[in-house]
Structure formats: structure tokens, C-alpha cells
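Down below is the structure, laid out as C-alpha cells.
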Amino acid sequence: MSVTDQSPAAPEPDADPARAALHDRIAADSLTTRRDYLRIVATVSGGLAVGGLAVAGGVLHRHGDSEGPPDRKRVAPVLAPGESVAFRFPGEDDRAVAVRLKDGTLVGYSAVCTHLACGVLWREDRGAEGELYCPCHEGVFDARTGEVTAGPPPRPLPKVLLVEEDDGSVWAVATARSGESVKDAVCRQFADERPEMAVRLGCPAAEAKAVERSERT
Ligand code: FES
């Protein structure tokens, strides 16, 4: 018989009652520990899965959820073509990224992947004009539009509206929901609190309200 064919030897009955009791307790403990370990693993894995689904399904807070306009925030003193900057907006928990494309266009997005909420990174050296990349499951987003171009993310990256001041500084001023246009997002957030701005931006609802107001006075 080879070593690998050997059947395990039957355990010798323990002659000493104290040692036998100790063996029983150790066996019971190891079962409990294994059960607890499995329960902890299941809880943690389940929690991650539920968290991911909640983000994917829009249950948790996402960019663009606030109804009112956030306080604007300076994200960079200047941003040269090909450069990016990571920042938090509108809240300190909301990861975002601003990119200056090679042709000078300024784009901003939530940096929270729409798949399972991993951090999205800017890769300048990919494709014709770079890409936004999620390393968790190889998700890729178009740098110009935020649309998904590869991998499992179900929706485009929500946009962050950026403006550039005369001194070259870049500011985040508003957020959009995934798939929402920047103009619709700004109109929605500015309609009540900054109606004059909404009218200047040509938001239809704000214009209608302004006409209504002028007719009443
Ligand atoms: Fe981004 Fe899965 S979390 S691709």
C-alpha cells in the first residue's frame, strides 16, 4: 500500500477521562469557530453585494441626488490639456474627477463606478483621447461623454458640471444624474433657488415661471 492509499487509523480511546473531556471541548470549540467564521464571511460578502446592488439600483446616495444647487468648489488652479485632478464634490464622500482633453474641452464626472462603486481612474495614454477606467472589473468609460465603452458598468458616469474662470481656475458647480444632460441637471437644481440663473441658461420651466410672474405684476 502506498502512503496516499493508507486509511486513517481509528483513534485510540482515551484512557484518561480528563484528557477525553478536554478533547471533546476542543472539538466543539473548533466547530463553533468554523461556523462563526463562515457566518462572518457570509455577512460581509452579502453586505458588499447588497451595497453594490444598492448603488447600481440607485438606492444609495449618488451624484446628482440633491435637489438644490451645491456650493461651488474650486478643484484646480489650472488644468492643462491631458491633465486630470481628483476631488470630492458635492460632498466630502463624493469622489469626482476633472479632465482637460487634448483639444481643450473640460469634462467632469463622478469617479464612482456605476457597476459596484469602485474608484474610476483617468488613463491619458489609452485610445485617441484617453479613457476613464475602473480597475475592479475592467470597466471603461468614454472620456468625452462618460458613456460605457467596455466592461460591466450598467450606466454612464454621472457628470459634474465644471466652469473655468478668467484666471484659469476650474470650479465644480453642479452635478447630473447618470444619463441626465448637464443642462437638465442645472435647470432642475437651479430652478427654485437661483431662478434668474435658470432663466439665463434657457431652462424652459424657469422661463415659463418668469413669464407667469411678469403677467401677475
Ligand atoms: Fe467598476 Fe465593476 S466596479 S467595473
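Readers should treat all values here as calculations from the given coordinates under stated rules, not as data from a laboratory. Since this is a predicted model, take the numbers as computed values, not measurements. For neighbour counting, all protein chains shown are included, and Cβ atoms are generated from backbone atoms with ideal geometry for every residue, glycine included.
Observations, loosely collected:
- About its Cα centre, the stretch 89-217 has a charge dipole of approximately 320 debye under the convention of +1 per Lys or Arg Cβ and -1 per Asp or Glu Cβ, with nothing else charged.
- The Arg88 and Ser181 beta-carbon pair, evaluated with R₀ = 22 Å, returns a calculated FRET efficiency of approximately 0.40.
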